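The values are calculated or read from the model by the stated rules, or taken from the named source; none is laboratory data. Because the structure is a prediction, the values reported are computed rather than measured. Note that each Cβ is placed from the backbone with ideal geometry, even for glycine, and that neighbours are counted across all protein chains shown. Just the protein is used for accessible areas: all its heavy atoms, side chains included, with ligands, DNA and RNA removed. Shrake-Rupley method; radii C 1.70, N 1.55, O 1.52, S 1.80 Å.
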Amino acid sequence: MFFIGGISNGEKKLDYIQSIICPRCGAFGRMEVYVTYMYFSFFFIPLFKWNKKYFVKNTCCDSIYILDDELGIKISRGENVLISEENLQLADY
């Protein structure tokens, strides 16, 4: 008998879009929120997730910002949230 399991990375686009004037390029665009995570799967069924991180991607210049975990959790729960520049930190990639 053998078991198939493993640890992988995952990414999901959350159901959140906010129109903005981009602080980086000054153009009109949208913020899209993503969550990345690690997960353990057993027989190709994801059992649990950990190390969740939330990111915002601007559609105008593809700049990526790190989002506060509090706001990311609220967005993933479907709560109505307004993201401001104070909640974002430019990611250095």
* Structure fact -> From the option list Phe40, Phe55, single residue qualifying as surrounded by 13 or more Cβ atoms within 10 Å (Cβ to Cβ) and within 11 Å of the chain's Cα centre (by Cα) is Phe55
* Asked: If only one of Glu79, Glu86, Glu32 is free of Cβ contacts under 8 Å to residues at least 40 places away in the same chain, open to solvent by less than 50 Å² (accessible area, probe 1.4 Å) and not polar (S, T, N, Q), which one is it?
  -> Glu32
* For Tyr16, indicate whether it is modelled with pLDDT of 95 or more and either over 21 Å from Asp69 (Cα atoms) or within 13 Å of the chain's Cα centre (by Cα) (or both). => no
* To do: List the number of the failed condition for Glu79; all other conditions in (1) in contact with a strand residue (DSSP E or B) (Cβ under 8 Å, 6 or more places away or on another chain); (2) at pLDDT 90 or above hold.
  => (1)
* Looking at segment 1-29, which of its residues are part of a strand (DSSP E or B), open to solvent by 70 Å² or more (accessible area, probe 1.4 Å) and of a type outside the set (Ser, Thr, Tyr)? -> Ile7, Asn9, Glu11, Lys12, Lys13, Asp15, Ile17, Ile21, Phe28
